Amino acid sequence: MTRFIFITGGVVSSLGKGLATAALGALLQSRGFKVRLRKLDPYLNVDPGTMSPTQHGEVFVTDDGAETDLDLGHYERFTGVPARKSDNVTTGRIYSEVISRERRGDYLGATIQVIPHVTDAIKEFIGSDLGDEDFVLCEIGGTVGDIESLPFLEAIRQFGNEVGPDRALFVHCTLLPYLAAAGELKTKPTQHSVKELLSVGIQAGIILCRSEHPIPEDERRKIALFCNVRNDRVIPALNASSIYEVPIQYHAAGFDGQVLDYFGLTAAPPANLDRWEEIVRRLKSPEGEITIGIVGKYTRVIDSYKSLSEALTHGGIANNVRVNIAWMDSVIFERDGAAVELEDVDGILVPGGFGERGSEGKIRAAQFAREHKVPYFGICFGMQMAVIEATRNLAGLPDAGSTEFGICADPVVGLMTEWLRGNEREIRSSATDKGGTMRLGAYPAVLQPSSMVRAIYDGSDVISERHRHRYEVNINYTNRLEEAGLSISGLSPDGTLPEIVERKDHPWFVGVQFHPELKSKPFDPHPLFTDFIRAALEQSRLV
Ligand code: GLN
């Protein structure tokens, strides 16, 4: 029997609801349950793919090619369950589906309304594409009281009613602000937010109270009394020193225990948190530290590179070192002489990116890494920039560039107009819509027998990694790349799309067209990150 847990948020946004959902998923999983985690986003974009990462944080890509909310990254990192297209929906997608059904005439003359047509489409999504999961955790984006969330709240209310209380639980996540002048944690905003939820017919079963200070028993009792829940179902959720400590902390506060108690699953196996304890132990007592410079464009908003910074942390866990990140705006490297700022880092990473602004700075960062033999990891755009740098400076092609920035004499990076997905050919042109039309999701790459990356991937011949890009290193320039010392060590199975480049004359210089950071987990660090951090650690010992 599949049970549904709906997680809503109140009082303020950015409460860490996504992490709380991910942590609860991990806790239920640690007791042997099968979980699936989903996110319902009330904004109007069809998916976050067209949103700037500085607005909404990173776009997380699934194996099946969906561009989704970054919370799905947390879900996957905490549970290891690969997220799917069917795990994230937005108002935009729901409405476009309802409207296209209306255009097809599927509603047989009915007047289309938010209730029941939009709410039905939301309910359909919640229950779709499920198998033998014990628990489906559905996080509702936004904050209770937002106009946009209303159809979602109504839909989960109906859903809960239809499956019944023994199969549906509402968890409400709130904030207890601390007033320093009064020296008190205030419960009123929580009371109001629970009441707001009740006004749309939803009674919270568990209240997760985010707080920067321990919650006195009296305050807990007060919340329970005013919000109509049991004392022990008011769960204190204090700040943790690392996100990977959250499952341990929430377990100690009784979160998963109360969820199981609510469903009457009192005979469930105890939580096994060994995995999380080991991760936290390594994070808290590293044997050294290194610094990686991330040369990017969205460096002021850390959420824009969420999976990336996590994957670096995972590489640190694997090597028992703390990884410090020096966020560097690539534009600064466009000034002459600025590259000296890179002298203090042990590794340089140029991440994914879009557009011309800052690209010359990234090219210079790649040049610095090559010339100074500093480990270099180029991801997607970072690979493309390394290729442009090498062909310009070492293969006699001063006009090498990417057609992403306009027409150029030597398009070593060019627009991809067709490629194979399994046996299907996908075709695009420069006039295609921007939303959802990149090369997205998992594609295989064949690794060259004697390459360094093949050894890093434990001798695998073929790997599968997630993509999100429109441009591609141009296979017609293979000879020029070789001349510039870059060998193509990973290729699409049909041999037309370079997936990985590496330098043989350098301690660690790798460019990948895909996003390995999306698959890294704290308990299963991605091999490329593990090896990059290892190389950076060696570098740090040299200087
Ligand atoms: N802008 C580049 C492209 O579309 C790289 C994209 C990325 O780094 N994700 O190909």
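The values are calculated or read from the model by the stated rules, or taken from the named source; none is laboratory data. What you are looking at is a predicted structure, and each value in this text was computed from that prediction instead of being measured. Quick reminder, even Gly has a Cβ in these numbers, built from the backbone with ideal geometry, and neighbours come from all protein chains shown. We work out accessible area using only protein heavy atoms, side chains counted, and drop any ligands, DNA or RNA first. Shrake-Rupley method; radii C 1.70, N 1.55, O 1.52, S 1.80 Å.
Values computed for the structure shown
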quantity: Neighbours by Cβ (under 6 Å, 6+ apart or cross-chain): first from region 368-384, more than 16 Å from LEU312 (Cα to Cα) and among the aromatic types (Phe, Trp, Tyr); second open to solvent by 10 Å² or more (accessible area, probe 1.4 Å) and away from the ligand (no atom under 13 Å from the Cβ); calculated: PHE368/ALA339
quantity: Of the criteria (1) out of contact with any Gly (no Cβ under 8 Å at 6 or more places or on another chain); (2) within 24 Å of TYR298 (Cβ to Cβ); (3) in a helix (DSSP H, G or I), which one THR391 fails; calculated: (2)
quantity: Conditions (1) more than 25 Å from the chain's Cα centre (by Cα); (2) more than 15 Å from the ligand (Cβ to nearest atom); (3) more than 21 Å from PRO375 (Cα to Cα): number failed by GLU483; calculated: (3)
quantity: Residues (hydroxyl-bearing (Ser, Thr, Tyr) and closer than 17 Å to VAL412 by Cβ) located in region 349-386; calculated: SER359
quantity: Test result for GLU341, more than 16 Å from TYR305 (Cα to Cα) and not in a helix (DSSP H, G or I); calculated: no
quantity: Subset of region 512-521 (residues that are within 13 Å of the chain's Cα centre (by Cα) and open to solvent by less than 30 Å² (accessible area, probe 1.4 Å)); calculated: HIS515, PRO516, GLU517, LEU518, SER520, LYS521
quantity: First in region 307-331 and without any contact (Cβ under 8 Å) to a residue 24 or more places away in the chain, second anywhere and open to solvent by 10 Å² or more (accessible area, probe 1.4 Å) and not basic (Lys, Arg), Cβ under 8 Å, 6 or more apart; calculated: SER309/ILE302; SER309/ILE325
quantity: Matching option when the condition is farther than 18 Å from GLU389 by Cβ, within 16 Å of the ligand (Cβ to nearest atom) and open to solvent by 10 Å² or more (accessible area, probe 1.4 Å), among LEU537, LEU528, LEU497, LEU542; calculated: LEU497
quantity: Residue count for region 228-274, restricted to those that are touching a residue at least 40 places away in the same chain (Cβ under 8 Å), out of contact with any strand residue (DSSP E or B) (no Cβ under 8 Å at 6 or more places or on another chain) and closer than 16 Å to GLU217 by Cα; calculated: 0
quantity: Qualifying helices (runs of 4 or more DSSP H) (wholly inside region 249-335; at least 1 residues being over 24 Å from the mean Cα position of the chain (by Cα) and within 30 Å of GLY164 (Cα to Cα)); calculated: 255-262
quantity: Condition broken by TRP327, with the remaining ones in (1) more than 12 Å from the ligand (Cβ to nearest atom); (2) buried (at least 19 other Cβ atoms within 10 Å of the Cβ); (3) of a type outside the set (Gly, Ala, Ser); (4) within 30 Å of ILE279 (Cβ to Cβ) satisfied; calculated: (2)
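Residue-wise test of (1) within 13 Å of the ligand (Cβ to nearest atom); (2) buried (at least 24 other Cβ atoms within 10 Å of the Cβ); (3) touching a residue at least 24 places away in the same chain (Cβ under 8 Å); (4) at negative phi.
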site	(1), (2), (3), (4)
GLU334	no, no, yes, yes
GLY337	no, no, no, no
VAL345	no, yes, yes, yes
PRO351	yes, yes, yes, yes
ARG364	no, no, yes, yes
ALA395	no, no, yes, yes
LEU415	yes, no, yes, yes
